[in-house]
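The values are calculated or read from the model by the stated rules, or taken from the named source; none is laboratory data. Note that this is a predicted model, so its numbers are computed, not measured. A quick note on method: Cβ atoms are made from the backbone with ideal geometry, for glycine too, and the neighbour counts reach across all protein chains shown.
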Amino acid sequence: MARDRSTYRCQECGLAAPKPGSLAATRPQPIGEIRVEAGGQRTSSGMAELDRVLGGGVVTGSLVLIGGDPGIGKSTLLLQVSRQLAERAGPVLYVSGEESAAQVKLRADRLGSAPAGLYFVAETDLLAVEAHVTALQPRFLIVDSIQTVYLPGLESAPGSVSQVRECGARLMALAKGRGIATFLVGHVTKEGAIAGPRVLEHLVDAVLTFEGDRGQSLRTLRSAKNRFGGTAELGVFEMKARGLVEVADASRLFLADRHVGVPGSAVGCLLEGRRAVALEIQSLVAPNDGPHPRRVAHGLERERLEVLAAVLQQRARIDLSKSDVFVRVAGGFRADEPAVDLALALALASSVTGAPVPPDLVAIGEVGLAGDVRAVPGIGTRLGECARLGFRRAVVGRSVSVPDGLKVHAVAELGDALGLLVRA
Ligand code: TYD
Ligand code: MG
């Protein structure tokens with residue numbers, strides 16, 4: 001293929017850009033005078049949980065990669081989104097290289113009746129996809145998945161790095177050139193990388209990851225990259241018999257089955273973007289005289305558990321050296337924030353002593369190696385959420401502003417927080 005000498009082609013993704021010396025078409029201008037074109041327009045996906053993660057809706061002409069384990073619900077999510085977008089601002093073209101029209105129809109029927117503006121095609125040849133786009137002129141395009149489409153001119157197989165790279169670059173050109181918001185599905189491999197699609201991460205505008213434990217109904221959507229918004233926001237869904245259901249009130253979901261008054265349970269509060277999420281930490285401590293007691297953590301980093309066990313031992317005389325320790329975050333959520341340290345410490349201490357954490361108490365704070373309890377960011381948002389949920393007391397590193405109806409125990413030392421456990 002003869003290449004235009006005035007263009008530079010990216011080795012990573014094949015994207016073409018003008019070479020230095022051939023830039024006469026561009027003109028630097030004062031940044032204050034730049035007008036934002038219609039390319040920045042957003043359409044609501046009809047799912048507030050997705051809109052929030054995208055930074056406020058689907059951006060016209062954007063290219064978004066959605067990665068996740070096979071079977072986690074990516075196709076279900078995008079089919080639901082397609083229905084909503086078709087109703088609001090169709091047409092939408094859903095291209096599947098994974099499922100037949102009949103299979104997708106069956107899935108769509110489970111989700112309810114399909115709107116007129118939603119088109120489906122089972123296709124893997126990217127040139128055919130481009131022809132369909134030219135004919136249909138959709139405003140939204142779904143390619144499920146990027147590993148199944150291919151360019152006939154390339155010798156490598158669909159899903160190979162060069163196919164994914166070329167197809168991604170062409171779909172990018174299509175999205176930008178025609179202002180079509182495009183979602184690409186990418187399957188994740190066992191190693192945890194978005195296989196093949198990894199090479200697209202620097203090309204696309206946003207990378208979303210859809211996660212969850214397949215044995216549980218909880219699904220979370222996060223962004224690893226977003227040119228049109230932050231990456232801190234979280235979307236929460238539940239996989240039900242009739243598709244994904246948005247969870248606007250995640251705290252209530254996580255606390256629904258809480259066992260109050262039982263030793264080993266404590267409630268903490270995370271900050272996910274602008275939203276605070278309260279959740280229950282459960283622990284179980286069982287005697288083990290052996291040389292290597294077990295430390296098992298689900299939904300928490302094991303290292304955090306080990307550090308806190310040592311801090312409790314050295315700073316609060318709570319001996320876990322002859323015990324197996326199991327902890328989990330109820331509901332299948334991940335709590336990777338230091339702010340859950342204090343709730344974890346209370347849960348562990350409660351297990352060891354048999355004294356339950358008071359049911360109306362929430363614990364929010366980072367615990368240092370000296371046994372010191374530290375303030376965490378966004379304490380006002382977190383306390384507000386806990387007050388809304390009916391908690392009456394909070395133990396924190398340092399109080400800022402306190403919502404009505406909530407008594408705040410600001411403590412400096414872990415030992416002071418442990419004093420709040422209910423003694424039998
Ligand atoms: P799917 O969207 O096909 O996953 P992916 O595209 O990420 O591979 O969803 C897979 C699972 O979701 C499948 O095992 C069945 C389940 N499911 C439901 O529980 N309810 C539903 O309404 C649908 C459509 C799927
Ligand atoms: Mg699928």
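Within the stretch 134-142, does at least one residue satisfy the condition of being under 22 Å from the mean Cα position of the chain (by Cα) and either surrounded by fewer than 22 Cβ atoms within 10 Å (Cβ to Cβ) or within 12 Å of ligand 2 (Cβ to nearest atom) (or both)? Yes, because at least one residue in the stretch 134-142 is under 22 Å from the mean Cα position of the chain (by Cα) and either surrounded by fewer than 22 Cβ atoms within 10 Å (Cβ to Cβ) or within 12 Å of ligand 2 (Cβ to nearest atom) (or both).
Taking the criterion of being under 16 Å from residue 332 (Cβ atoms) and aromatic (Phe, Trp, Tyr), the residues of the stretch 214-268 that qualify are 237, 254.
Across the stretch 84-111, the qualifying residues are those that are in contact with a Phe, Trp or Tyr (Cβ under 6 Å, 6 or more places away or on another chain) and closer than 18 Å to residue 243 by Cβ, and the one among them that is surrounded by the fewest Cβ atoms within 10 Å (Cβ to Cβ) is 104. In the stretch 401-409, the count of residues that are closer than 30 Å to residue 294 by Cα, surrounded by fewer than 19 Cβ atoms within 10 Å (Cβ to Cβ) and acidic (Asp, Glu) is zero. For the stretch 106-131, a residue qualifies if it is of a type in the set (Gly, Ala, Ser) and outside any loop (DSSP other than H, G, I, E, B), and the qualifying residues are 108, 122, 128, 131. Test residue 231 against the criterion of being hydroxyl-bearing (Ser, Thr, Tyr) and part of a strand (DSSP E or B), and give yes or no. Answer is no for this residue. Within the stretch 17-40, none of the residues are out of contact with any Leu (no Cβ under 7 Å at 6 or more places or on another chain), modelled with pLDDT of 90 or more and more than 18 Å from residue 234 (Cα to Cα). Of the strands (runs of 3 or more DSSP E) contained entirely in the stretch 254-335, those carrying at least 2 residues that are crowded, with 22+ Cβ neighbours inside 10 Å and at pLDDT 90 or above fall at 265-272, 275-287, 323-329. Might you let me know whether the stretch 338-346 holds any residue that is outside any helix (DSSP H, G or I) and either touching a strand residue (DSSP E or B) at 6+ places or on another chain (Cβ under 9 Å) or among the hydroxyl-bearing types (Ser, Thr, Tyr) (or both)? The answer is no; no qualifying residue exists.
On the stretch given as the stretch 352-379, residues that are within 23 Å of the chain's Cα centre (by Cα) and in a helix (DSSP H, G or I) total 1. In the stretch 161-184, of all residues being outside any helix (DSSP H, G or I) and either more than 26 Å from the chain's Cα centre (by Cα) or closer than 18 Å to residue 117 by Cα (or both), the one that is farthest from ligand 1 (Cβ to nearest atom) corresponds to 179. For the stretch 48-76, a tally of residues being more than 25 Å from residue 103 (Cα to Cα) and either within 14 Å of ligand 2 (Cβ to nearest atom) or of a type in the set (S, T, N, Q) (or both) returns 2.
Within the stretch 79-105, the set of residues being more than 25 Å from residue 217 (Cα to Cα), modelled with pLDDT under 95 and outside any helix (DSSP H, G or I) comprises 90, 97, 100. Only one of 123, 155 is out of contact with any Phe, Trp or Tyr (no Cβ under 8 Å at 6 or more places or on another chain) and without any contact (Cβ under 8 Å) to a residue 24 or more places away in the chain; which? Exactly one of 123, 155 is out of contact with any Phe, Trp or Tyr (no Cβ under 8 Å at 6 or more places or on another chain) and without any contact (Cβ under 8 Å) to a residue 24 or more places away in the chain, namely 155.
Inside the stretch 63-78, can you point out the residues that are under 15 Å from residue 188 (Cα atoms), in a strand (DSSP E or B) and more than 6 Å from ligand 1 (Cβ to nearest atom)? 65, 66, 67, listed by residue number.
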